[in-house]
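Have a look at the structure below, then the notes.
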Amino acid sequence: MTVAEIKRANFDLTPEQDAAISNLRHVLAASSTKDTVLRAVQISSLLVNEMRRGNRLYIGRSAELAARLVLPELEAILLPQWQWLVEPPASMEKTIVDQGAQIAGKYNLA
């Protein structure tokens, strides 16, 4: 890699975050903090891609004892977006007014 292809990423860590990364580094037997973070990103990406395909995560010593593993951080990615909280398109208001006028005219409510 050339120097132009390398992007330096600096960020501050709290002692708790540093301890969590150090623990993960030990568990993954990673050679550096950089490798630890890259492996965590790869694992997270893999899990999200599988969940988007409709697969779910299960954990257990055998298939009979497997229980669904729910990771709220990943489950939130898969939730549908709230569509009714956004502003409706302008054409919807006109449609509702037109339908209301038709109903009023049909039953002589005007």
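Calculate, for Ser22 and Ile77, the FRET efficiency according to 1/(1 + (r/R0)^6) with r their C-beta to C-beta distance and R0 30 Å; round to the nearest 0.05.
0.65
Cβ under 15 Å from Leu57's Cβ, Leu57 left aside: what net charge do those residues give with Lys, Arg +1 and Asp, Glu -1?
Taking every other residue near Leu57 into account, the sum is +1.
With +1 on each Lys and Arg Cβ and -1 on each Asp and Glu Cβ, and nothing else charged, work out how big the dipole of the stretch 10-59 is about its Cα centre, in Debye to the nearest 20.
For the stretch 10-59, the charge dipole is close to 340 debye.
What is the fewest-to-most order of Arg56, Arg39, Arg25, Arg61 by other Cβ atoms lying within 10 Å of their Cβ?
On the way: Arg56 11, Arg39 15, Arg25 19, Arg61 7.
Going from sparsest to densest Cβ surroundings: Arg61, Arg56, Arg39, Arg25.
Let me have the relative contact order for the stretch 1-80, percent, based on Cα pairs under 8 Å that are six or more residues apart.
Once normalised by length, the contact order is 15 percent.
If you stretched the chain out fully between Ala29 and Ile43, how much longer would it get, using 0.36 nm times the residue separation minus the C-alpha to C-alpha distance?
3.6 nm is the gain from fully extending Ala29 to Ile43.
Every number in this text was worked out from the coordinates using simple rules, so none of it is lab data. Since we're looking at a predicted model, the values are computed, not measured. Please note: Cβ atoms are built from the backbone with ideal geometry, for glycine as well, and neighbour counts cover all protein chains shown.
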